[in-house]
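Undergrad: Dumping the structure here so I can ask a few things about it.
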Amino acid sequence: MTRAVIDNDALRDCLRSIGLDEWPDAVCPLIAERLSTAGHGDFGEWSAVVEALADSNRAEIRNLLLKLSPWRKGPFDIADIRIDAEWRSDLKWERVKNAIAPLDGRNVLDVGCGNGYYALQMRKAGARAVIGIDPTLLFVMQFLAVNSFVQDSRVFVLPARLHEMPLPARQFDTTFSMGVLYHQRSPIDHLRQLRQTLRRDGQLVLETIYLPGDGTFARTPEDRYARMRNVWLLPSIDELSTWIRRSGYKDLRVIDKSMTTVDEQRSTEWMAFESLAEALDPKDASLTVEGWPAPHRVVITAIAQ
């Protein structure tokens, strides 16, 4: 089974097959730096967990995987073990997968991919290769743990941010950014960087929180939104559409609108901290504890020009 490292040779081959000849020299040093105790004090412990999975029985595997908590995205079924993550990410994928351009044979970038749940679904949907990037090292280790069983050599989760990649690099057929935009201090810069990853006529799949209401407007929380400090700008759908068009995209389509519920995001054994229920007004679930509209999420597809 895969050790708790990323196979640089396989990664180089994959990136070059996509046409990203400049990426290996930029990415591999980042990987070496971040997949280390210098990159995170818990790396040694997490690495030992991943490496121990190969020689463990079912009960031991379950306990080892629990040591990589909190699991935010899932569920995963590993060695007859259900990892019941905080997010029922399968519900979102069901809403999205048939409304986007078919992934069969496409090269895909998943920005802010977390532990690679969606990246693995993209491969199951026929993607030729999937590159996920996420700066949270625990999520990368979770992916390595899962992939030690799946053993898919054409999907990677890299410990990096989008702006650290050599851009422009317009080689991807589909780029996903799900649950990322509202964490960006400059969302329009993020949209433009996403476009720099897409070939002409490639598809952006963007999922984010929006504010309900007609018209073009956006608001910034003074402190927190749904108990999150790192939420910077929440737009209406009309405003978001303007941002996307101004950033170099055409043919926008709203393919899903939904309100996040405590059935889709909740505390579990695998993510035992407070979750959405604690972020909502206990007397009015349509509001956050700060008085904002509860999370409404929209998925928009657009074509890069």
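The values are calculated or read from the model by the stated rules, or taken from the named source; none is laboratory data. These numbers come from a predicted model, not from an experiment. When we count neighbours, we look across all protein chains shown, and the Cβ atoms used for this are built from the backbone with ideal geometry, even at glycine.
Undergrad: So is R82 over 19 Å from the mean Cα position of the chain (by Cα), more than 18 Å from V140 (Cβ to Cβ) and either part of a strand (DSSP E or B) or not polar (S, T, N, Q) (or both) or not?
TA: yes
Undergrad: For region 125-149, what are the residues that are over 15 Å from the mean Cα position of the chain (by Cα) and within 20 Å of R106 (Cα to Cα)?
TA: A125, G126, A127, R128, A129
Undergrad: Residue by residue through region 219-256, note down the ones that are assigned to a strand (DSSP E or B), within 24 Å of L198 (Cβ to Cβ), in contact with a Ser or Thr (Cβ under 7 Å, 6 or more places away or on another chain) and not basic (K, R).
TA: Correct list: L252, I255.
Undergrad: Something else: Being touching a residue at least 60 places away in the same chain (Cβ under 8 Å) and either polar (S, T, N, Q) or crowded, with 18+ Cβ neighbours inside 10 Å (or both) is the filter here, so list the residues in region 238-263 that pass it.
TA: L240, S258
Undergrad: I want to confirm something. Restricting to region 288-305 and keeping residues that are of a type in the set (A, V, I, L, M) and closer than 21 Å to L181 by Cα, which single residue is surrounded by the fewest Cβ atoms within 10 Å (Cβ to Cβ)?
TA: Only one residue tops the list, namely I303.
Undergrad: Okay, next question. Of the residues that sit in region 129-140 and are in contact (Cβ under 8 Å) with a residue 60 or more places away in the chain and touching an Asp or Glu at 6+ places or on another chain (Cβ under 9 Å), which one is surrounded by the most Cβ atoms within 10 Å (Cβ to Cβ)?
TA: V140
Undergrad: Exactly one condition in (1) touching a residue at least 12 places away in the same chain (Cβ under 8 Å); (2) farther than 21 Å from L276 by Cα; (3) surrounded by fewer than 23 Cβ atoms within 10 Å (Cβ to Cβ) is not met by D90; state its number.
TA: The failed condition is (2).
Undergrad: Just give me the residues in region 250-265 being more than 20 Å from G202 (Cβ to Cβ) and either modelled with pLDDT under 95 or not acidic (D, E) (or both), in sequence order.
TA: K257, S258, M259, T260, T261, V262, Q265
Undergrad: State yes or no: is V150 within 17 Å of D7 (Cα to Cα), without any contact (Cβ under 8 Å) to a residue 60 or more places away in the chain and either buried (at least 19 other Cβ atoms within 10 Å of the Cβ) or β-branched (V, I, T) (or both)?
TA: So V150 fits the description; yes.
Undergrad: Of the residues I31, I78, which is under 26 Å from V262 (Cβ atoms), among the β-branched types (V, I, T) and surrounded by 15 or more Cβ atoms within 10 Å (Cβ to Cβ)?
TA: Only one candidate qualifies: I78.
Undergrad: Provide a single number: the residues in region 28-76 that are closer than 23 Å to F273 by Cβ, touching a strand residue (DSSP E or B) at 6+ places or on another chain (Cβ under 9 Å) and not aliphatic (A, V, I, L, M).
TA: 9
Undergrad: While we're on this one: Applying the selection to region 279-291, what residues are touching a residue at least 24 places away in the same chain (Cβ under 8 Å), outside any strand (DSSP E or B) and under 21 Å from W87 (Cα atoms)?
TA: Hits for region 279-291 are A279, V289.
Undergrad: A further question on this structure: If Q193 passes every condition in (1) part of a helix (DSSP H, G or I); (2) polar (S, T, N, Q); (3) farther than 28 Å from Q142 by Cβ but one, which one does it miss?
TA: Exception for Q193: condition (3).
Undergrad: Here's a follow-up. Only residues in region 183-205 that are closer than 26 Å to P295 by Cα count as the first member; pair them with residues that are hydroxyl-bearing (S, T, Y) and assigned to a strand (DSSP E or B), Cβ under 6 angstrom, at least 6 apart or cross-chain, and list the lot.
TA: Short answer, once both residue conditions are applied: L194/T175; L194/S177; Q203/T174; Q203/T301; L204/T175; V205/T301.
Undergrad: Would you pick out the residues in region 153-165 that are assigned to a helix (DSSP H, G or I) and either hydrophobic (A, V, I, L, M, F, W, C) or buried (at least 24 other Cβ atoms within 10 Å of the Cβ) (or both)?
TA: L162
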